[in-house]
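Read the structure below first, then the notes.
The values are calculated or read from the model by the stated rules, or taken from the named source; none is laboratory data. In this text, all values refer to a predicted model and were calculated from it rather than measured experimentally. Note that each Cβ is placed from the backbone with ideal geometry, even for glycine, and that neighbours are counted across all protein chains shown.
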Amino acid sequence: MDIAISGNKVKKGFGNIDAIKGIDFEINKGEIFGFIGPDGGGKTTLFRIITTLLLPDSGKVSINGLDIINDYKSIRKIMGYMPQRFSLYNDLTVYENLNFFASVYGTSIEENYNLIRDIYSQLEPFKNRRAGKLSGGMKQKLALSCALIHKPEILILDEPTTGVDAISRIEFWEILHKLAEQNITIVVATPYMDEASRCNRVALIQDGYILTIDTPTKIIENFTEKIYQINSTNTYELLNVLKKCKFISSAFAYGSAVHATIDKDKKENDLFIFLNNNFNSAFTLNQINPTIEDCFMNLINSNN
């Protein structure tokens, strides 16, 4: 496959903090690629490097074969960027914001309307409303329209669904998949592990390191340990007890339950006996299939 974005030994620090720690990655043209990880993992710093807004301390990043340092002007013409925070003009209307961004790139709303029709059609009834008065989901759609109006080859989205309701998140991903059908390379950063399944491939990122890069399916298939879901009315005490168990490799809260991974040579009955002897509250125990979040937590533990 042709490579849209590549990074080789990319590093970036701020004072004594190493935000990006020598990472390597390749993103194929036309795919939806996700950088999945918690806040502080390095996603935003990496995106600012990719979009030519920050220089790396070392390493190399290429966009469609162009160098981010020497060819940044050419890169900006083929890239759309939706930053983490809403960065449009709150005092301008929906239409004025979109028209402004179109004019910056030497185009017009009419010229590229076909590209944003599905998104902007939901905004048009409110085109004379100031951007600052829009709901979170509508702001999200306006920001995406502005990032697309110059018909970019690559679209960079930094946590685009953070802070919006569940329905808006679903609608947004449906829009992204329609855009991908038009051969636009889409790169998304998100802290939501469940959004990994909506990407063609993902990089799990933590503390400036990439833990793994693969399809969501293969990441889950590579999880070979036994994992159990434990339900109890006393989750906090349950976690503390599990941390004392020598044959548990990881245990973390998962909603109102706890997910615990045990050593391969142990059985469900071993875990049941341990909890029965050490945990004073009632509990239920079931073996489950791993999720991306389980894989993420397991990779963190194996790298520590």
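Computed values, structure above
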quantity: Output for the range 217-271, where each listed residue is within 17 Å of residue 301 (Cβ to Cβ), charged (D, E, K, R) and touching a residue at least 24 places away in the same chain (Cβ under 8 Å); calculated: 225, 226, 244, 263, 264, 266
quantity: Residue 36 being buried (at least 20 other Cβ atoms within 10 Å of the Cβ) and among the β-branched types (Val, Ile, Thr); calculated: yes
quantity: Output for the range 257-274, where each listed residue is in contact with a helix residue (DSSP H, G or I) (Cβ under 7 Å, 6 or more places away or on another chain) and not β-branched (Val, Ile, Thr); calculated: 259, 260
quantity: Scan of the range 265-304 for residues that are at pLDDT below 90 and closer than 28 Å to residue 207 by Cα, ordered by number; calculated: 297, 298, 299, 300, 301, 302, 303, 304
quantity: Matching residues in the range 194-224 - criterion: being over 20 Å from residue 45 (Cβ atoms) and aromatic (Phe, Trp, Tyr); calculated: 223
quantity: Restricting the range 246-304 to residues that are over 30 Å from residue 215 (Cβ atoms) and among the charged types (D, E, K, R), the residue that is surrounded by the fewest Cβ atoms within 10 Å (Cβ to Cβ); calculated: 246
quantity: Pair list, Cβ < 6 Å and 6+ apart or interchain, from the range 145-171 residues that are over 24 Å from residue 26 (Cα atoms) to residues that are of a type in the set (A, V, I, L, M); calculated: 145/98; 145/116; 145/119; 146/98; 149/102
